[in-house]
Amino acid sequence: MRSKLPQAGTTIFTVMSELAAKHKAINLGQGFPDFPMDEALTEGVHKAMRDNLNQYTHMNGFPLLRERIADKVNTLYNAQVHPDKNITITPGGTYALFTALTALIHPGDEVIVFEPAYDSYIPTIEINGGKAVSVQLTYPDYSIDWEEVRAKINPATKAILLNSPHNPTGAILTEQDMRTLESIVQDTEIVIISDEVYEHLVFNGHSHESVLKYPALASRSFAVYSFGKVYNCTGWKLGYIIGPDEWMKEFRKIHQFNCFTCNTPMQAAIADYLSEPDAYLLLSKKMQVQKEKLEHYMSATRFKPMVSNGSYFQLYSYENISNESENDFAVRLVETAGVATIPVAAFYRQPPNHQVLRFCFCKKDGVLEEAASRLVRAGY
């Protein structure tokens, strides 16, 4: 068989997780919480099953769930979205991104992608015959050089792919970023695809700048969200996408021939749970506590923390420890200290030599403390 992705191999997340298991290491690489989700949500699934909500729901998603999402978006972002026309429930955020890009991209289309980039972006563009045009975020704050973006736009530019809060860096877009983006795409037909799965994980007094807050952007954007990141249920693989009427019709043409619809009882449970907004409104405050605990424990090491204003992740520089490549150093940490991280180089096609690792802090206190202790004991 001739491969459509000849350069693709096993993801770095799988590689590092397998290495962690082999060496019985603490896994601060893959981004999922290790503490339990709210029992009210799991009980909601049981109730939905007992109420016989076990058959297919609507292709676009459980109706009440879409209504609750529309209400939430209106409250948070002052954005009027129609639950039937503009919202589709999906089996996770990555699926939503894949399907949106598949609906939009034709052979030869270009998509501007900011690197380091979540690992699914570029393969999805390429598998649809598109070309990923990279703009590297500015080190060390990982901000966007908008003048470089302007310079790379041409008649083949179909879309710009955003991610804020950003994985892997924890950087966030500001209001000024959004206003600049508005000016760049004005009088063009460029589509914005906005990965906002960490929308409720924003720290240090900042707020999430969704494309939905900006009418000139919302009218040309697909925005992608994840329930797994909000409710500590990544294994449920449920998310949703919001977009303009005509674009959503194209999205659903592909969606109907792929998964068609998503898990009904879990959608019903989340629909009920959305009536308790504190569950997502207080998430940033709760997760910032874990972030600060990791920083406290890591202060005893020789790692240098970098700015992180969002997501599950904190980058640490090891430039004072070693000049090894990120991949080699990450492997050495697993083997000698029993701590697994993710090398940021894995999120680039042509990685710069920045000597930075990604640590995930959505873990129990004891796990974070023991990970830092292991690094100290190993001389890091």
### Query
Taking the range 205-271, which chymotrypsin sites (Phe, Trp or Tyr not before Pro) meet the DSSP loop condition and have no more than 12 other C-beta atoms within 10 Å?
Phe257, Phe260
### Under 5 Å, built H, 5+ apart or other chain: amide partners of Gly239
Thr90, Gly92, Phe227
### Summary
Helix-only [θ] at 222 nm, the chain, -39500 (n - 2.57) per DSSP H run of 4+, per residue, nearest 500, equals -11500 deg cm²/dmol
### Message
Between Asn78 and Thr11, how high is the FRET efficiency from 1/(1 + (r/R0)^6) when r is the Cβ-Cβ distance and R₀ = 35 Å? Nearest 0.05.
### Response
0.40
### Thr138-Lys304 pseudo-label distance in nm [points 7 Å out on the Cα-to-Cβ vector]
1.9
### Query
Between Ser373 and Gln256, what length comes free when the chain is fully extended (0.36 nm per residue of separation minus the Cα-Cα distance, one decimal in nm)?
37.2 nm
### Query
To the nearest 0.05, what FRET efficiency results for Thr336 and Ser120 with a Förster distance of 41 Å applied to their C-beta separation?
0.85
### Task
Take a quick pass over the range 55-276 and tell me how many lysine pairs come in under 13 angstrom between Cα atoms, counting only ones 8 or more apart or on separate chains.
5
### Query
What relative contact order, as a whole-number percentage, does the chain give when Cα pairs under 8 Å and 6 or more residues apart are counted?
25
### Message
What whole-number distance in Å separates the alpha-carbon centres of the range 205-241 and the range 97-148?
### Response
18
### Message
As an exercise, identify the GluC sites (Glu not before Pro) in the range 184-215 lying in DSSP coil whose Cβ has no more than 10 other Cβ atoms within 10 Å.
### Response
Glu189
### Query
Can you give the Rg to Rh ratio of the range 55-276, both from alpha-carbon atoms, with Rh computed by the Kirkwood formula?
0.94
### Which of Phe260, Val334, Ile270, positive extreme of dipole for the chain (C-beta unit charges)
Val334
### Task
Under a cut-off of 16 Å between alpha-carbon atoms, report the lysines in cross-link reach of Lys304, not counting same-chain residues fewer than 8 places apart.
Lys291, Lys293
### Query
Restricting attention to the alpha-carbon atoms of the range 250-353, what are Rg (one decimal) and Dmax (integer), both in Å?
20.1, 54
### Query
Which of the peptides 84-94, 161-171 is most tightly packed, and how do the rest follow, judged by the mean count of other Cβ atoms within 10 Å per residue?
161-171, 84-94
## Note on the structure
Simple SL model, points at 7 angstrom along Cα→Cβ for Ser207 and Ser219; separation in nm is 2.3
### Relative contact order of the range 269-380, defined on C-alpha pairs under 8 angstrom at six or more residues apart (%)
31
### Task
Report the FRET efficiency, 1/(1 + (r/R0)^6), for Asn320 and Glu246, where r is their Cβ-Cβ distance and R0 is 56 Å, rounded to 0.05.
0.60
### Query
If you place +1 on the Cβ of every Lys and Arg, -1 on the Cβ of every Asp and Glu, and leave all else neutral, what size is the dipole of the chain about its Cα centre, to the nearest 20 Debye?
740
### Message
Between the range 4-65 and the range 242-297, how far is it from one alpha carbon centroid to the other, in angstrom?
### Response
12
### Query
In percent, how large is the relative contact order of the range 55-276, given Cα pairs closer than 8 Å and 6 or more residues apart?
29
### Table column - 3J(HN,Hα) (Hz), the range 115-127, Karplus curve with 6.51, -1.76, 1.60, x for Gly and Pro
10, x, 10, 3, 5, 7, 4, 5, x, 5, 4, 5, 5
### Message
I need the phi-derived Karplus couplings for the range 292-300: 6.51 cos²θ - 1.76 cosθ + 1.60, θ = phi - 60°, integer Hz, Gly and Pro marked x.
### Response
5, 5, 4, 4, 5, 5, 6, 5, 7
### Message
With a cap of 15 neighbouring Cβ atoms within 10 Å, and only residues DSSP puts in a loop, list the trypsin sites (Lys or Arg not before Pro) found in the range 332-380.
### Response
Arg349, Lys364
### Summary
Under the 7 Å Cα-to-Cβ spin-label approximation, Asn327 and His58 lie apart by a distance in nanometres of 4.7
### Query
What is the list of residues in the range 125-165 whose amide nitrogen lies under 19 Å from a point 7 angstrom out from the Cα of Gln186, following Cα to Cβ?
146-154, 160
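Where a number appears in this text, it was derived from the coordinates with a stated rule and is not lab data. Quantities reported herein were computed from a predicted structural model and do not represent experimental measurements. No Cβ is skipped: glycine too gets one built from the backbone with ideal geometry, and neighbour counts run over all protein chains shown.
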